[in-house]
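In what follows, a single structure is set out as structure tokens and then discussed.
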There are 2 protein chains.
Amino acid sequence: MTVGGQSPIVVQSMTKTDTRDIMSTINQIKGLEDCGCELVRVAVPDAEAAQSIQAIKKAITIPLIADIHFDYRLALMALAAGADGLRLNPGNINEPENIGKVVRAARERQVPIRIGVNAGSLPTTTDPQSTAAERMVTAALEQVKLLESLDFDLIKVSLKASDVPTTIEAYQDIARKIPYPLHIGITEAGTPKTGIIRSAVGTGTLLYLGIGDTIRVSLTAHPREEVIAAYEILKSLNLRQRGPILISCPSCGRTEVDIVKLAQEVEAQLATIDRPIKVAVMGCVVNGPGEAREADIGIACGKGRGVLFKKGEKIGVVEEADFLNTLMSEIEKMCQESR
Amino acid sequence: MTVGGQSPIVVQSMTKTDTRDIMSTINQIKGLEDCGCELVRVAVPDAEAAQSIQAIKKAITIPLIADIHFDYRLALMALAAGADGLRLNPGNINEPENIGKVVRAARERQVPIRIGVNAGSLPTTTDPQSTAAERMVTAALEQVKLLESLDFDLIKVSLKASDVPTTIEAYQDIARKIPYPLHIGITEAGTPKTGIIRSAVGTGTLLYLGIGDTIRVSLTAHPREEVIAAYEILKSLNLRQRGPILISCPSCGRTEVDIVKLAQEVEAQLATIDRPIKVAVMGCVVNGPGEAREADIGIACGKGRGVLFKKGEKIGVVEEADFLNTLMSEIEKMCQESR
């Protein structure tokens, strides 16, 4: 798992189970692996949680990062238990001597450290007159210098705020100042309803600007939702592929078939397909043929019948009753062909 | 309703009813008005739809835009019926003589025209060797020049593709080339599940870059969902206010209360509040106090009890059983105070 440089942007999440509950944590991580999570972080609030990492690591395949706050000794324990990465928060672990101990242990094992700055827990020493973005960058740079002075460069940095423009500003600033991979995300983004939008606007803007090497979408929900949303964000910018893409028209007063129902049915059936196939479900002759032609498989529906397109070629006319079945059987066929 | 310049970014949507079904269309528009829609577009596929505008206009309060394709005469009828704006598609109405007739009628009434370019219906005359973004910009600029040559400048432009980077690229290019307000959106973005993410990434990036005067989120769903999503995108960038903002932590192995449940309950109760109040529901001592302090009302929950913050001040300690009620009664109190 390489994070940074020209590598694909890595999707990560964090468990919401009690880390000391080893079975629940393993089960949650296995579920995340199944939906494409590539790195997982676990909270390490105490020694028992740190020691649990050893058993958890044996049962999972993706790298595990220990999330450490307040007590540097938990970082040492997590490393001894086999953690593949550490996240330290400069807002609550900032005694250079203690950080030195952690850095030496991480260097020995060649384990990366993320300097995870969060606007909700900034060090109290930073200048309160500066903006939140400036304070986050200052806190991160101080820690980066400390790690560099200890001859350590396996560094990742994150600068998360719940305010989207603050987050974007902070990442743009630090991207100009350091060469290390950036972990991006909007913190405390909220429930899926609004949190997905806040995360998509914030990380999407950063990714479009070329900023971000690994992404975590924080949602007040099951972590599976975080992974799915992260892939949708990356897919929307053509940065990663994962499963089908469904293009469908909003429908309007011009539409003569129930496009909302058809699109929902197609979406439900596409859920079992893992190929990155592009499907278009369109409701009229305005943009229908154009979009359907650009997709791998597309249908442009008119009154009672639709025109089916495959890789830009018109391949047939379908009766309304057969829209779903014909589309899905063509998709299945295309998936077979591409194996 | 001013679109462009320093005016707030206007939220719009499009009806999905048959425009000829006047009662259904009025009802849908009234529902959209209730959730904050500020401009509404209706499809005008035939003369009966154009004539329906007159009756629809009488029953609604927001401006109505007629969406015209193929037949310029429908634009003339829509203007005669009282449409407050026109959307023309250069991909299917491009005879200068006919456009001239529409422009003269619009100028007489001082009705704006949106040049609505869509990647799925580009004019066939544009150079097929160029990129989709270039072809969209070329098509729009040709039409802009034609309208300017007819001494008309009440122009808006949109350049929508279903591909997000193509859309962003096209808008960035045209924003440098013309002074007119831009209507932004991702076309055929799909069902809410993925369409909201594609729209948030695309329009969010544009808005962050300072591009966009009015927004339409296209979703294969009820248009109410489009309006709600548009506001959430604008709110995430602090460009518009509408109702409360809920900051909530994703929870993790450190959390000792059911934050997902609490956040969902708070979200449900906030739905009835229209004040732009910022509420934080946080699950631990790491970022909890910091975020709760930044919110108007916030709670940082620990095991069995939480600390309540109001406008940055700690105002009390709450037992777990009272989290929801205490938080909501403080929110109600703050809403009363701000009236």
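With a ≥ b ≥ c the root eigenvalues of the C-alpha gyration tensor of segment B:49-201, is it rounded (a/c under 1.5), prolate (a/b larger than b/c) or oblate?
Numbers: a/c = 1.91, a/b = 1.29, b/c = 1.49.
Because a/c hits 1.5 or more and a/b fails to exceed b/c, segment B:49-201 counts as oblate.
Averaging Cα coordinates gives a centre for segment B:1-74 and one for segment A:84-162; these two points are 53 Å apart.
Kindly give the semi-axes, whole Å and largest first, of the ellipsoid equivalent to the protein assembly as shown, taking each as the square root of 5 times a Cα gyration tensor eigenvalue.
Gyration-tensor ellipsoid for the protein assembly as shown: 47, 28, 23 Å.
Ordering A:G82, A:F70, A:V44 by Cα displacement along the dipole of segment A:1-98 toward the positive end leaves A:G82 in first place; charges were set at the Cβ atoms of Lys, Arg (+1) and Asp, Glu (-1). Using the Kyte-Doolittle scale, which helices in chain B average at least -1.0 and also have C-alpha atoms spread 24 Å or more along the helix axis, with helices defined as whole DSSP H runs? Correct list, ordered by number: B:132-149.
With both residues required to sit in segment A:245-337, DSSP beta bridges show an antiparallel share near 60%.
Distance between the 7 Å Cα→Cβ label points at B:Q6 and A:K177: 3.2 nm.
In the context of the full set of protein chains, segment A:245-337 has a per residue accessible area of 44 Å² (1.4 Å probe).
Per residue of A:218-225, other chain Cβ atoms within 10 Å of the residue Cβ number 5 on average. The solvent-accessible area of B:K310, taken with every protein chain present and a 1.4 Å probe, is close to 40 Å². Rounded, prolate or oblate: pick one for chain A, where a ≥ b ≥ c are the square roots of the eigenvalues of its C-alpha gyration tensor, a/c under 1.5 means rounded, and failing that, prolate if a/b is larger than b/c, else oblate. In terms of gyration-tensor shape, prolate.
Around B:R339, under 14 Å between beta carbons, what's the net of Lys plus Arg minus Asp minus Glu among the other residues? Write out the running numbers ahead of the final one.
Values: positive: B:R275, B:K333; negative: B:D274, B:E332, B:E337.
Counting the neighbours of B:R339, the net charge comes to -1.
Taking amide H as placed 1.01 Å from N in the peptide plane, the amide H of A:R41 sits under 5 Å from that of A:S13, A:M14, A:T15, A:I65, each at least 5 places away or on another chain.
Solvent-accessible surface (1.4 Å probe) assigned to B:M23 amounts to roughly 120 Å². Computed from protein heavy atoms with a 1.4 Å probe, the total accessible area buried between B and A is close to 5700 Å². Going 7 Å from the Cα of A:K261 in the Cα-to-Cβ direction, what parts of segment A:274-296 have a backbone nitrogen less than 18 Å from that spot? What the label zone holds, given the 18 Å backbone N cut-off, is A:281-284.
Normalised by 2.2 N^0.38 Å, with N the number of residues, the alpha-carbon radius of gyration of segment B:213-339 equals 1.12. Once all protein chains are placed together, B:D153 keeps about 100 Å² accessible to a 1.4 angstrom probe.
Greater than 27 Å separation of Cα atoms is the criterion. Which listed pairs, B:K156/B:K278; A:K193/B:K278; B:K193/B:K261, meet it?
Details: B:K156/B:K278 34 Å; A:K193/B:K278 16 Å; B:K193/B:K261 21 Å.
Violating the 27 Å limit, Cα to Cα: B:K156/B:K278.
Take each residue of peptide B:292-304, count the partner chain Cβ atoms within 10 Å of its Cβ, and average: the result is 1. DSSP assigns beta bridges within segment A:10-236; of those with both partners inside it, close to 0 percent run antiparallel. Under 19 Å from a label point 7 Å along Cα→Cβ of B:K311: give me every residue in segment B:230-255 with its amide N that close. Within reach of a label on B:K311, which here means backbone N under 19 Å from a point 7 Å along Cα→Cβ, segment B:230-255 contributes B:244-245.
The values are calculated or read from the model by the stated rules, or taken from the named source; none is laboratory data. These figures come from a predicted structure and were not determined experimentally. Backbone-built Cβ (ideal geometry, glycine too); neighbour counts: all protein chains shown. What goes into the accessible areas is simple: the full protein's heavy atoms, side chains included, and nothing from ligands, DNA or RNA. Shrake-Rupley method; radii C 1.70, N 1.55, O 1.52, S 1.80 Å.
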